[in-house]
Amino acid sequence: MDLGSFQTNSSVSCRLASQIPDVCRTEDCCLGIDEAGRGPVLGPMVYGICFCPISMKEELKALKVADSKTLTEAERENLFEKVDGASSYVGWALQVLSPNTISTSMLQRTKYNLNALSHDTAIGLVQYALDNGVQLKEIFVDTVGPADKYEDKLSKLFPGIDVTVRPKADSLFPVVSAASICAKVARDRIVKGWNFSEDLGDVNPEYGSGYPGDPKTKAWLLKYLDPVFGFPQFVRFSWSTAQTLLDSKGVTVHWDDDEEDGEKAAQRQNNKSMLSYFSAPAGGNNQNPTHQTHRFFTERRLKSLDTL
């Protein structure tokens with residue numbers, strides 16, 4: 001698993017994938033979907049898929065894959081090596097969603113919540129498998145939101161494929177367990193080897209579980225909170241824990257336009273509003289002898305208009 005592309009620029013998301021086994025392009029296949037790192041305030045969320053021929057489900061089960069949350073880090077690493085080593089019939093792909101991607105998505109003007117982001121990421125991974133020739137006939141998914149609605153959504157998007165969405169699917173279907181392990185191993189490695197682009201000196205690695213309720217995590221957030229620039233990109237700044245700390249410990253910024261019209265605010269401070277530069281003077285006479293028009297406008301014979 002080569003994480004180099006993400007570690008080079010951890011502010012954006014990236015996709016990692018194994019080779020597609022030849023048998024997956026000729027035989028009917030099943031595919032499992034799961035994620036790792038949905039809840040933490042630190043680090044990325046990683047979505048994973050794993051796929052193999054339906055005829056080889058028992059071989060995958062024989063690898064003794066299990067829900068990654070029930071395994072130790074060493075056990076997950078060992079099982080990932082087994083899954084990755086079964087490359088003659090097992091393939092996998094991951095989408096790494098950076099903390100920056102998650103937070104900017106959730107805080108953009110048109111709200112894009114974590115469930116919608118999760119759905120779209122999972123759909124993108126399924127489409128990736130199809131585009132690469134994997135003969136999908138069955139999809140098993142660990143649910144995000146109401147299982148029946150998610151199942152109906154995926155069934156409509158991928159007609160002809162039998163879709164099963166269940167809570168705790170990673171403990172019910174080995175192909176989902178394998179996806180869970182791939183995702184969790186990738187997230188653990190990324191978090192452990194995070195390359196801080198900010199100048200923070202020797203960063204304390206003792207940040208606890210990364211979950212908002214962990215005292216160690218809160219202490220780490222407080223230590224590396226810059227009162228002006230906020231948190232390093234390792235932090236999901238859209239999480240309420242991060243926002244609360246920033247509100248209480250960060251420098252207060254007052255935006256006049258939050259409370260009054262921009263022109264009124266400018267007048268109160270004896271400044272000109274930006275809008276004043278785009279409006280013609282009263283009476284329609286826009287020839288101001290003290291104002292020299294920039295050559296950009298004169299060369300193009302552009303003039304101000306007060307009527308259309």
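The values are calculated or read from the model by the stated rules, or taken from the named source; none is laboratory data. Predicted model only: the values in this text are computed from it and were never measured. For neighbour counting, all protein chains shown are included, and Cβ atoms are generated from backbone atoms with ideal geometry for every residue, glycine included. These accessible areas exclude ligands, DNA and RNA; they are computed on the full protein's heavy atoms, side chains included. Shrake-Rupley method; radii C 1.70, N 1.55, O 1.52, S 1.80 Å.
What does the C-alpha gyration tensor say about the overall shape of the stretch 174-234? Classify as rounded when a/c is under 1.5, otherwise prolate if a/b is larger than b/c, or oblate. Judged from the Cα gyration tensor, the stretch 174-234 comes out prolate (a/c at least 1.5, a/b above b/c).
The residues of the chain expose on average 57 square angstrom of accessible surface per residue, using a 1.4 Å probe on protein heavy atoms. Relative to the longest principal axis of the Cα atoms of the chain, the long axis of helix 114-131 lies at roughly 60 degrees. Taking only the Cα atoms of the stretch 122-171, the radius of gyration and Dmax are 10.7, 30 Å. Dipole check for the stretch 3-193: with +1 at the C-beta of Lys and Arg, -1 at the C-beta of Asp and Glu, and the Cα centre as origin, the magnitude is about 620 Debye. A Cα-only calculation for the stretch 1-66 places Rg and Dmax at 15.0, 42 Å. Across the options Val90, Val46, Gly32, the greatest Cα extent toward the positive end of the charge dipole of the chain (unit charges at beta carbon of Lys, Arg, Asp, Glu) belongs to Val46. Packing-based ranking of 113-120, 152-159 yields 113-120, 152-159, ordered from highest to lowest mean Cβ neighbour count within 10 Å.
Near Leu221, once Lys and Arg are set to +1 and Asp and Glu to -1 for all other residues with Cβ below 12 Å from its Cβ, the sum equals +3.
Multiplying the residue separation of Ala62 and Glu206 by 0.36 nm and removing their Cα-Cα distance gives an extension gain of 48.2 nm.
Dividing the helix sum by the residues of the chain, where each DSSP H run of 4 or more adds -39500 (n - 2.57), gives a mean residue ellipticity at 222 nm of -10500 deg cm²/dmol. Dividing the radius of gyration of the alpha carbons in the chain by their Kirkwood radius gives 1.16 for Rg/Rh. Structure remark: mean-square fluctuation, Gaussian network model of the chain, C-alpha springs under 10 Å; the largest value among Pro205, Pro21, Pro99 belongs to Pro205. Listed by chain and number, the lysines placed with their C-alpha closer than 18 angstrom to that of Lys61 are Lys69, Lys82, Lys168; residues fewer than eight positions away on the same chain are left out.
Between Leu107 and Thr293, the distance separating the two model label sites (each 7 Å from Cα on the Cα→Cβ line) works out to 4.3 nm. Toward the positive end of the charge dipole of the chain, with +1 on the Cβ of Lys and Arg and -1 on the Cβ of Asp and Glu, the farthest Cα among Val65, Pro21, Ala129 is that of Ala129.
Remark: the stretch 63-109 projects, on average over all directions, an area of 4.9 nm² (convex hull of Cα atoms). Farthest towards the positive end of the charge dipole of the chain, among the residues Ser197, Met1, Val185, is the Cα of Ser197, using unit charges on the Cβ of Lys, Arg, Asp and Glu.
Close amide-amide hydrogen proximity is noted between Phe158 and no other residue 5 or more places distant or on a separate chain, at a cut-off under 5 Å (H modeled in the peptide plane; Pro and chain starts excluded).
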